[in-house]
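Read the figures in this text as sums done on the coordinates, not as results from a lab. Treat the numbers as computed from the prediction; the structure is a model and nothing was measured. Glycine also receives a Cβ, built like all others from the backbone with ideal geometry; neighbour counts cover every protein chain displayed.
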Amino acid sequence: MDKKFYVTTPIYYPSANFHIGHCYTTVIADAIARYKRLMGYDVFYLTGADEHGQKIQKKACETGISPQEYVDEIVSDAKDLWKRLNISYDKFIRTTDQQHVVCVQKIFKKLYDQGDIYKGQYKGLYCTPCESFWTETQLVDGRCPDCGREVIEVSEEAYFLRLSKYQDKLIEYYNSNPDFIEPKSRKNEMLNNFIKPGLEDLCVSRTSFDWGIPVSFDEKHVVYVWIDALSNYLSALGYLTEEDTLFRKYWPCDLHIVGKEIMRFHTIVWPIILMALNLPLPKKVFGHGWLVVDGDKISKSLGNYKDPREYIDKYGVDAVRYFILREVSFGSDGLFSESALINRTNSDLANILGNLVNRTIGMINKYFDGVVENKGVLDKELDNKLINEATSLKDKVHEYMDNLEISKAVDTIFELLRSCNKYIDDTMPWILAKDENNHDRLSTILYNLLECIRIATVLLKAFIPETADKIFHQINTQNTAYDSISNFGGYESYNKVNKAEVLFQRIETK
Ligand code: MSP
């Protein structure tokens with residue numbers, strides 16, 4: 001088995017502080033990274049910031065600070081947010097990092113030298129006050145979408161990437177690698193909307209602003225957006241440097257997770273750049289949907305979001321993580337609202353998980369002074385059903401995770417927890433406790449519950465790590481390895497559980 005796993009998020013524009021939409025991709029990638037680590041993979045999880053461009057330069061100018069100061073502030077805020085969300089990235093790449101700058105310059109030069117980049121004329125619609133280029137479709141009523149003023153047609157010297165040359169090779173690659181693009185529907189979208197009508201060469205430099213990486217052999221140009229941004233996946237690993245151990249170890253990337261709006265760049269432009277560089281292509285690009293509020297994508301410009309830390313402060317980090325992972329079927333759009341977050345937290349985290357752990361530990365403390373033993377007094381039908389569910393959990397979750405059906409993976413764990421709650425209702429330990437003769441049966445029941453909780457928690461660690469650690473502490477187990485959950489009975493009989501503490505307070509709403 002290939003034991004390395006390289007997973008990435010897009011690098012986000014630090015034009016404003018990050019919102020729950022950015023958290024969405026980052027938490028999902030984090031859960032995947034943690035899950036793979038749990039399985040024993042050597043994981044490299046990359047995220048970062050895409051810091052160049054005219055928009056950021058303008059924002060900084062409006063604020064009266066340099067672009068570098070501007071992005072420094074936002075990046076430091078983003079790192080704080082990722083820390084609060086328990087994001088376990090291995091590297092945070094910034095496109096202003098010297099290593100990245102040099103790498104992009106080398107890539108650009110190489111592509112130019114071999115004829116994949118050429119100099120031409122860029123024709124576009126330009127808004128002079130905003131200093132921005134627009135395409136016909138971006139205009140609103142024929143005017144600048146930002147300020148509403150008239151645009152003029154201009155043309156400037158620019159470099160272009162020869163996408164057209166690689167069109168057939170790309171189609172061939174799609175066909176011989178059916179798992180390259182997921183969900184599958186996005187592959188047809190790319191083929192029918194962009195590739196089959198004919199790929200246009202892509203403009204990859206600008207002379208109209210200077211907050212970017214200079215083209216090394218023609219310094220009035222800066223590298224424009226996509227060669228700069230996409231190359232982060234290589235530069236972060238030390239590609240084209242003397243210290244390229246990471247590159248040799250982790251490339252090709254196993255999984256790029258991106259929002260659907262930038263799928264095109266990751267499944268057309270990026271593979272073509274890599275083909276031109278003669279590098280192997282990423283194994284998979286997954287295009288997910290958006291979190292939306294009232295039908296609109298969450299975004300700074302729409303002003304429809306709060307700082308995600310407000311939710312973390314109010315409801316806890318794992319309420320936010322769990323919502324993101326569970327609420328939306330990965331690939332589709334999903335609704336975000338505070339009330340939906342509250343409902344999820346109450347229905348699943350407080351009622352199912354919190355309640356189960358609390359009741360189980362409470363009973364063990366009450367009836368056995370904290371120590372139970374697997375006495376093996378089984379009710380065949382009832383117990384075997386539960387035990388089978390517990391021991392098959394690992395494989396079920398694995399199948400879903402392999403298909404990137406994250407929400408289903410999480411829900412399957414909760415199915416076991418639901419079954420445990422039902423098992424308590426069915427076996428009624430409080431009745432058994434009344435008669436000393438039932439002592440061993442009662443001990444077995446509570447042991448079974450404890451073991452199911454342990455098994456579920458080993459897996460939950462990938463999704464809601466802080467809560468998982470609290471549960472491990474409360475049930476007092478050291479047996480937390482992934483390999484320990486295929487068989488039933490890993491919980492250490494005679495360990496003394498700790499005091500039951502509430503994991504998730506029910507959130508009361510008006
Ligand atoms: N800088 C480029 C990406 C370059 S990658 C080589 C960019 N940045 S961005 O700041 O606009 O972030 C885009 C990514 O943020 C999306 O692809 C998506 O992953 C995530 N999201 C931003 N808003 C989102 C939602 N409302 N919902 C879900 N994801 C969202 O494009």
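The mean of 1/r over all pairs of different alpha-carbon atoms in segment 222-276, once inverted, gives a Kirkwood hydrodynamic radius of 12.1 Å.
Convex hull of alpha carbon positions in segment 470-510: directionally averaged projected area 4.3 nm².
No other cysteine beta carbon under 4.7 Å away is the test; run it over the chain and list who passes. Lacking a cysteine Cβ partner under 4.7 Å: CYS23, CYS61, CYS103, CYS147, CYS203, CYS253, CYS420, CYS452. Between the Cα long axis of helix 465-475 and the first principal axis of the chain there is an angle of about 10°, rounded to the nearest 10.
Cβ crowding within 10 Å ranks SER88, SER339, SER231 as SER339, SER88, SER231, fewest other Cβ atoms first. Across segment 338-485, the relative contact order, built from alpha-carbon pairs under 8 Å that are at least six residues apart, equals 29 percent. The Rg/Rh ratio for segment 98-168, using Cα coordinates for both the radius of gyration and the Kirkwood hydrodynamic radius, is 1.12. Between the helical axis of 67-84 and the longest alpha-carbon principal axis of the chain there is an angle of about 10 degrees. Of the three principal axes defined by the Cα atoms of segment 258-391, the extents in descending order read 66, 41, 24 Å. Considering only GLN121, LEU163, PHE133, and ranking their Cα positions along the charge dipole of segment 104-175 that arises from unit charges at the beta-carbon of Lys, Arg, Asp and Glu, the one farthest toward the positive end is LEU163. Here the ratio of the Cα radius of gyration of segment 338-485 to 2.2 N^0.38 Å is 1.05. Cβ-to-Cβ counts within 10 Å put ASP307, ASP97, ASP228 in ascending order as ASP307, ASP97, ASP228, the fewest first. Divide by every residue of the chain the summed helix terms, -39500 (n - 2.57) for each DSSP H run of at least 4, and state the resulting mean residue ellipticity at 222 nm, rounded to the nearest 500 deg cm²/dmol. Result for the chain: -13500 deg cm²/dmol, rounded to the nearest 500. Shape analysis of the chain yields a ratio of the Cα radius of gyration to the Kirkwood radius, Rg/Rh, of 1.05.
Of the cross-linked pairs LYS55/LYS83; LYS3/LYS284; LYS187/LYS283; LYS260/LYS297; LYS169/LYS249, those separated by over 19 Å at the C-alpha level are LYS55/LYS83; LYS169/LYS249. What angle do you read, to the nearest 10 degrees and between 0 and 90, between the alpha-carbon axis of helix 98-113 and the longest principal axis of the chain? Once rounded, the angle reads 50 degrees. Extension gain for LYS422-SER164 works out to 86.8 nm (0.36 nm per residue, less the C-alpha to C-alpha distance). Counting charges near LEU277 (Lys, Arg +1; Asp, Glu -1) among other residues having Cβ under 11 Å from its Cβ returns a value of +1.
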